[in-house]
Amino acid sequence: MQAWVVDEPGPLRRHPLVRAELSLPEPGPGDVLIRVRACGVCRTDLHLVTGDLPRHRHRVVPGHEVVGEVALLGEGAHRFALGDRVGVAWLRTTCGACRWCRSGRENLCAASRYTGWDADGGYAEWTVVPEAYAYRVPASFSDVDAAPLLCAGIIGYRSLRRAQLPPGGRLGIYGFGASAHLTAQVAVAQGAEVHVLTRGEGARALAAELGAASVGGPYDAPPVPLDAAILFAPVGELVPVALEALASGGTLALAGIHLTDIPALDYQRHLFGERSVRSVTSNTRQDGVEFLLLAERLRLRVTTTPVPLGEADRALMDLEAGRVHGAAVLVPDHSR
């Protein structure tokens, strides 16, 4: 099958993502084999390919926003039927027995494993996933539009909850890519006043279309004090900027898996007044179930840029350069 693998992580100019012909994967007990119809290009993939994240597996196939069709059931797999459309997300397995798993916080499980990092993901024509960690995809979304929901959407949803935005509050969003453009719609639907701070005229225009009360540059001050903020851009320099924009009692949620170094914080300017900083670590399966139901109910508008699977390297370059409108989604030749 046609696929892409991470050879030697490094700058994109060194071409760390390379094409490969791989054997068709075989589902193990409790697994399902999926014929990939679409796979979103996530910023986490970029961090993995460039080496911002430590390598867990040599020549892994990245991609964890997968929509596909169940083609083969492993031994004991019974949750889905052949032909069912399913989604594959970042969280792949957990131990199910530790204090985190038993308390509904499986995203913190020390034994957790991840699609496209610990095991091969969706930058390929076929992939395998444990059926217990696959999702039923809302029928109202096309394959391409559904793909970004499976990480960008789910993580944005968890980040919004971690930000502790009060009802009708003012939310600041720093960075406006695949995840942020979905999160903003959820926040607006819930009655929030959303202020977007981001680079790129295209991203700012999209934010305005989706109901942002104001749009500015990433280092600009919003027109009003914020009750909560979410930092989607992986830029540590923006942490003090966002904290300074918070009103007393406000919370800043850091949505990314990777962040550049955070400058020294001034206690009075950035933290005093009971302002808080909270990180976001992966997601639980319950987060995914809740968000997909919410996405269908709210009829979220998913802005995507389809890209042939054979041009995955270009898609990552465009993502790094800020040239992607909404979310890039890889489409295998057999799905076009």
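None of the figures in this text is laboratory data; all of them are computed from the coordinates on show. This structure is a prediction, so every number in the text was calculated from the model and none was measured. Methodologically, a virtual Cβ is constructed for each residue, glycine included, from the backbone with ideal geometry; neighbour enumeration extends over all protein chains shown.
Quick notes on this one:
- Put the Cα centre of the range 197-217 next to the Cα centre of the range 81-140 and the gap is 33 Å.
- Dimensionless Rg ratio for the chain, taking C-alpha atoms and the 2.2 N^0.38 Å reference: 0.96
- Highest average packing first - 14-23, 320-329, Cβ atoms within 10 Å: 320-329, 14-23
- Segment residue 98-residue 278, extension gain: residue separation times 0.36 nm, minus the distance between their alpha carbons: 62.5 nm
- Model label points for residue 55 and residue 269, set 7 angstrom from Cα along the Cα-to-Cβ axis, are 4.1 nm apart.
- Relative compactness, the range 154-279, computed as alpha-carbon Rg over 2.2 N^0.38 Å: 0.93
- The order of 179, 214, going from fewest to most other C-beta atoms within 10 Å of their C-beta, is 214, 179.
- Built amide H within the under 5 Å cut-off of residue 53, gap 5+: 48
- Here the 3J(HN,Hα) profile of the range 49-59, calculated from phi with Karplus coefficients 6.51, -1.76 and 1.60 at θ = phi - 60°, is 5, 7, x, 5, 9, x, 6, 9, 8, 6, 6 Hz, Gly and Pro shown as x.
- For residue 249, distant residues with modelled amide H under 5 Å away: 274, 275
- Treating r as the C-beta distance of residue 111 and residue 321 and R0 as 41 Å, the FRET efficiency rounds to 0.65.
- Evaluated over the Cα positions of the range 208-258, the convex hull gives a direction-averaged projected area, one quarter of its surface, of 3.8 nm².
- Amide H within-cut-off set for residue 3, under 5 Å, with H built and near neighbours excluded: 20, 22
- More than 26 angstrom apart: percent of Cα pairs within the range 225-336: 41
- Label separation (residue 258 vs residue 209): 2.9 nm, computed from points 7 Å beyond Cα along the C-beta direction.
- DSSP finds beta bridges in the chain, and of those with both partners inside it, around 50 percent are antiparallel.
- Rounded to the nearest whole Hz, the Karplus-based 3J(HN,Hα) values (6.51 cos²θ - 1.76 cosθ + 1.60, θ = phi - 60°) of the range 194-200 follow the sequence 9, 10, 9, 10, 7, 8, x, with x at glycine and proline.
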